[in-house]
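Peer 1: Handing you a structure now.
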Amino acid sequence: MESKKILGEALRLPPEDRFLVLEGLIMSLDEPDKKLDEIWANEAERRLKAFREGKLDAVPLEHVFDE
């Protein structure tokens, strides 16, 4: 089905149904990516370990927001 045709049909729905369609579409775009989550978790662990070993300097929070 063509996107414009789907949109036209969706716009004819009652507001409550349009909301359900919209919510479903947004949720389909916001699905967690387990592989990406794993990559970020590993990076966070690597950085924490480097910080604890003194191999990585920290920046005070106030300086982060100053920039």
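Laboratory data are not the source of any read-out in this text; all were calculated from the coordinates shown. As the structure is a prediction and not an experimental result, all values here were calculated from the model. No Cβ is skipped: glycine too gets one built from the backbone with ideal geometry, and neighbour counts run over all protein chains shown.
Peer 1: Students often get this wrong, so try it: which of (i) 1.35; (ii) 0.94; (iii) 1.67 is Rg/Rh (Cα atoms, Kirkwood Rh) as calculated from the structure shown?
Peer 2: (i)
Peer 1: When the Karplus curve 6.51 cos²θ - 1.76 cosθ + 1.60 is applied with θ = phi - 60°, which whole-Hz ³J(HN,Hα) does each residue of segment 6-19 get, with x for Gly and Pro?
Peer 2: With coefficients 6.51, -1.76 and 1.60, one gets 4, 4, x, 5, 5, 5, 7, 6, x, x, 4, 5, 4, 4 Hz.
Peer 1: For ALA44, what is the net charge nearby, where nearby means another residue's Cβ is under 12 Å from its Cβ and Lys, Arg count +1, Asp, Glu -1? Present the calculation step by step, with values, prior to reporting the outcome.
Peer 2: On the way: positive: ARG46, ARG47, LYS49; negative: ASP37, GLU38, GLU43, GLU45.
The answer is -1.
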